[in-house]
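Novice: Dumping the structure here so I can ask a few things about it.
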Amino acid sequence: MPFRSRYIGLIDKYRDRLPVHDDTRIISLGEGNTPLIRLNNIPGILGKEVDIYVKYEGLNPTGSFKDRGMCMAVTKAVEEGSKSIICASTGNTSASAAAYAARAGITAYVLIPEGKIAMGKLAQAMMHGAIVIQIKGNFDAGMQIVKDVAEHAPVTIVNSINPYRLQGQKTAAFEIVEELGAAPDYHCLPVGNAGNITAHWMGYREYHENGIVNNRPHMVGYQAAGSAPFMRGKMVDDPETIATAIRIGHPQSWDKAWVVREESEGWFDECADEEILAAQKMLTEKEGIFCEPASATSLAGAMRDIKSGKIPEGSKIVCTLTGNGLKDPDSAIAQCTSPMITVEATMDAVKRAILDNMD
Ligand code: F0G
């Protein structure tokens, strides 16, 4: 019986397009190859003829898109003889760094803003054995410290300023093109440091320049309104948002992201926290897909631009859902307004509860 060869991760699949050698020891957890799900119900709710797909990056091994970049960054760190890695993080990078460091048998130091990361992410970093350093400051402060520390200590930075991160993350664009048979018309992403939007554009450009595809999308980056330096046109010193993953005021890929906007003829916009949470809820209730708040920013912005006609009918749109909803159970439960029903453990009580709650 013929079997298809086993998928063993994106470095193996895209080896020819990534900076690895035949004898490179690949540190992988089977990342990539995430589902591209067509939304069945939301276009109808919007009353618009559009094709919306979500790229569910929350199904990567540690539950976020970071794994695409982290497998490359850790593979190269190990190849270069590094025994430890370091990052500042709003949560997902730290979870991913911790897991890949564990896989490689090296140490991960992660700096996180005290009290401002989702529980699931903290649990991951701690369980994988990272040295977790909480700082009394935000991500931007942590990032600066990490850069300073790396100048004095033998540690490899695995934030997205590490160029291998973006190389790994560009593969998401490859997967989308392969699945759709073309690039979408619009690709919408949540933006924090702007590494991911930059990486996606690298991927689309590469396939276009190599003649694999003859179109490229408009890249659209959405930020949380309280953390929207691209909208303000300058760095923001006190970023705030419920979408803690993108609570970033000093994006590391600032210049690159402006180039992406220019080259792709895209745009940046911002979404209020309420809009972000409403999009997250709509996606879970109407499509059965659970992403974390920051991830829903891509859909929140896209829905608004579809409704206004800025994204015209007939368009094919991809929204990246960067992280899994299970990462942040606290914000999810807090926004569920209907109370849980508690009854006696009897058939009658349960029957009454069912009848009382019928549509
Ligand atoms: N969505 C999620 C779920 C994220 O965790 C991040 C970034 C982004 C979007 C933004 O991506 O920075 O490439 O523009 N999280 C980083 C972290 C900062 O530390 O986990 P970006």
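Novice: Amide H of residue 269: which non-local residues (sequence gap of 5 or more, or other chain) have their own amide H closer than 5 Å, using H built in the peptide plane?
Specialist: Amide H neighbours of residue 269, under 5 Å, 5+ apart: 221, 222, 223.
Novice: Based only on Cα atoms, what mean projected area does the convex hull of the range 287-359 have, in nm²?
Specialist: Working: hull surface 30.3 nm².
Here the figure is 7.6 nm², rounded to one decimal.
Novice: Now for a separate question. Using Cα-Cα distances under 8 Å and only pairs 6 or more residues apart, what relative contact order does the chain have, in percent?
Specialist: Numbers: 731 pairs, mean separation 66.9, N = 359.
The value is 19 percent.
Novice: While we're looking at this one, here's another question. If DNA, RNA and ligands are ignored and the probe is 1.4 Å, what is the ranking of 269, 22 by accessible area, most exposed first?
Specialist: 22, 269
Novice: So, one more: From the residues 87, 264, 349, which one has its Cα farthest along the dipole of the chain in the positive direction, the dipole being from +1 and -1 charges on Cβ of Lys/Arg and Asp/Glu about the Cα centre?
Specialist: Selected residue: 87.
Novice: Hey, another quick one. Pick from 299, 321, 39: which residue has the top mean-square fluctuation in a GNM of the chain where Cα pairs under 10 Å get a spring?
Specialist: 39
Novice: If I take every Cα pair under 8 Å that is 6 or more residues apart in the range 127-244, average their sequence separation and divide by the length, what percent do I get for the relative contact order? Walk me through the numbers before you get to the answer.
Specialist: On the way: 109 pairs, mean separation 23.4, N = 118.
20 percent.
Novice: I would also like to ask the following. Could you check the simple spin-label distance between residue 348 and residue 23, using points 7 Å along Cα→Cβ, in nm with one decimal?
Specialist: 7.9
Novice: Relative to the Cα centre, what is the charge dipole magnitude of the range 127-249, using +1 at the beta carbon of each Lys and Arg, -1 at the beta carbon of each Asp and Glu, and rounding to the nearest 20 debye? Mind showing how you got there, number by number?
Specialist: Details: 9 positive and 12 negative charges, 41 e Å.
The calculated dipole for the range 127-249 is roughly 200 debye.
Novice: Please give the contour-minus-distance gain from residue 334 to residue 357: 0.36 nm per residue of separation, less the Cα-Cα distance, rounded to one decimal in nm. All intermediate terms of the calculation are to be shown ahead of the outcome.
Specialist: Working: separation 23, 0.36 × 23 = 8.28 nm, distance 2.12 nm.
Net length gain for the segment: 6.2 nm.
Novice: Send over the semi-axes of the range 78-183's equivalent ellipsoid, whole angstrom and largest first, taken as the square roots of 5 times the C-alpha gyration tensor eigenvalues.
Specialist: Values: eigenvalues 126, 58, 41 Å².
Working through the eigenvalues yields semi-axes of 25, 17, 14 Å.
Novice: The chain: longest stretch without exposed GluC sites (Glu not before Pro) (DSSP loop, at most 16 other Cβ within 10 Å), sites themselves excluded? Working shown, then result.
Specialist: Values: sites that count: 49, 80, 114, 240, 265, 313, 344.
Segment 115-239 is the longest.
Novice: Could I ask something else about it? Identify, among 180, 250, 221, the residue whose Cα sits farthest towards the positive end of the charge dipole of the chain, taking +1 on the Cβ of Lys and Arg and -1 on the Cβ of Asp and Glu, with the dipole about the Cα centre.
Specialist: Towards the positive end, the residue furthest out is 180.
Novice: Taking a ≥ b ≥ c as the square roots of the eigenvalues of the Cα gyration tensor of the range 66-125, is the shape rounded (a/c under 1.5), prolate (a/b larger than b/c) or oblate?
Specialist: Values: a/c = 2.28, a/b = 2.00, b/c = 1.14.
In terms of gyration-tensor shape, prolate.
Novice: Taking the Cα-to-Cβ direction at residue 135 and at residue 148 and moving 7 Å from each Cα, how far apart do the two end points lie in nm?
Specialist: Placing both labels 7 Å along Cα→Cβ, they lie 0.8 nm apart.
Novice: Here's a follow-up. Got the relative contact order for the range 1-88 handy, in percent, Cα pairs under 8 Å and 6 or more residues apart?
Specialist: Numbers: 86 pairs, mean separation 25.0, N = 88.
It rounds to 28 percent for the range 1-88.
Novice: Treating only the Cβ of Lys, Arg, Asp and Glu as charged (+1, +1, -1, -1), what charge dipole size does the range 260-356 show about its Cα centre? Round to the nearest 20 debye. Mind showing how you got there, number by number?
Specialist: Working: 10 positive and 18 negative charges, 70 e Å.
For the range 260-356, the charge dipole is close to 340 debye.
Novice: Still on this structure, please answer the following. Once you have the Kirkwood Rh of the chain from its Cα pairs, apply Stokes-Einstein at 37 °C and 0.692 mPa s and quote D in µm²/s. Write out the running numbers ahead of the final one.
Specialist: Working: Rh = 20.9 Å.
Reported coefficient: 157 µm²/s.
Novice: If you don't mind, there's one more thing I want to ask. Could you list the residues of the range 157-191 with an amide nitrogen less than 20 Å from a label point located 7 Å from the Cα of residue 80 in the Cα-to-C-beta direction?
Specialist: It comes to 157-171, nothing else.
Novice: So, with a 1.4 angstrom probe, what is the percent of accessible area on the range 225-359 that is carbon and sulfur? Working shown, then result.
Specialist: Working: 3820 of 6970 Å².
The C+S portion of the solvent-accessible surface of the range 225-359 is 55 percent.
Novice: May I ask you to list the residues of the range 267-295 whose amide nitrogen lies under 19 Å from a point 7 Å from Cα along the Cα→beta-carbon direction of residue 45?
Specialist: Under 19 Å, as judged by backbone N against the label point of residue 45, lie 271-295 of the range 267-295.
Novice: Provide the per residue accessible area, probe 1.4 Å, for the range 248-359, rounded to a whole number of square angstrom. Numbers along the way, then the final one.
Specialist: Numbers: 5950 Å² over 112 residues.
It amounts to 53 Å² per residue over the range 248-359.
Novice: May I ask you to give the percent of accessible area on the range 36-108 that is carbon plus sulfur, with a probe radius of 1.4 Å?
Specialist: On the way: 880 of 2100 Å².
Solvent-exposed carbon and sulfur of the range 36-108 make up 42 percent of the total.
Novice: Something else now. Might you report the magnitude of the Cβ-based charge dipole of the chain about its Cα centre, with Lys and Arg at +1 and Asp and Glu at -1, to the nearest 20 debye?
Specialist: Numbers: 36 positive and 44 negative charges, 121 e Å.
For the chain, the charge dipole is close to 580 debye.
Novice: With point charges of +1 on the Cβ of Lys and Arg and -1 on the Cβ of Asp and Glu, referenced to the Cα centre of the chain, which listed residue (295, 211, 10) lies farthest in the positive direction of the dipole?
Specialist: Of the listed residues, the answer is 10.
Novice: Could you tell me the largest-minus-smallest coordinate of the C-alpha atoms of the range 12-52 on each of the three principal axes, in descending order and whole angstroms?
Specialist: The Cα atoms of the range 12-52 stretch 53, 19, 10 Å along the principal axes, largest first.
Novice: Report the Cα-based extents of the range 178-274 along its three principal axes, largest first, to the nearest Å.
Specialist: 44, 26, 18
Novice: Report, in deg cm²/dmol and to the nearest 500, the calculated mean residue ellipticity at 222 nm for the chain, where each DSSP H run with n ≥ 4 adds -39500 (n - 2.57) and the sum is divided by the residue count.
Specialist: On the way: 15 runs with 153 residues, N = 359.
Taking each H run of at least 4 residues, the total per residue is -12500 deg cm²/dmol.
Novice: Now for a separate question. For the range 208-329, just say rounded, prolate or oblate: build the C-alpha gyration tensor, square-root its eigenvalues into a ≥ b ≥ c, call rounded for a/c under 1.5, and beyond that prolate if a/b exceeds b/c, oblate if not.
Specialist: Working: a/c = 1.68, a/b = 1.13, b/c = 1.50.
Oblate, since a/c reaches 1.5 and b/c is not below a/b.
Novice: What net charge is computed for the residues neighbouring residue 7, neighbours being all others with C-beta under 11 Å from the C-beta of residue 7, Lys and Arg scored +1, Asp and Glu -1?
Specialist: Values: positive: 4, 6, 13; negative: 12, 31.
Cβ neighbours under 11 Å give a net charge of +1.
The values are calculated or read from the model by the stated rules, or taken from the named source; none is laboratory data. Computed from a predicted model, the values in this text were never measured in an experiment. Reconstructed Cβ throughout: ideal geometry from the backbone, glycine too, with neighbour counts over all protein chains shown. When the accessible area is computed, the model is the full protein with side chains, heavy atoms only, and any ligands, DNA or RNA have been set aside. Shrake-Rupley method; radii C 1.70, N 1.55, O 1.52, S 1.80 Å.
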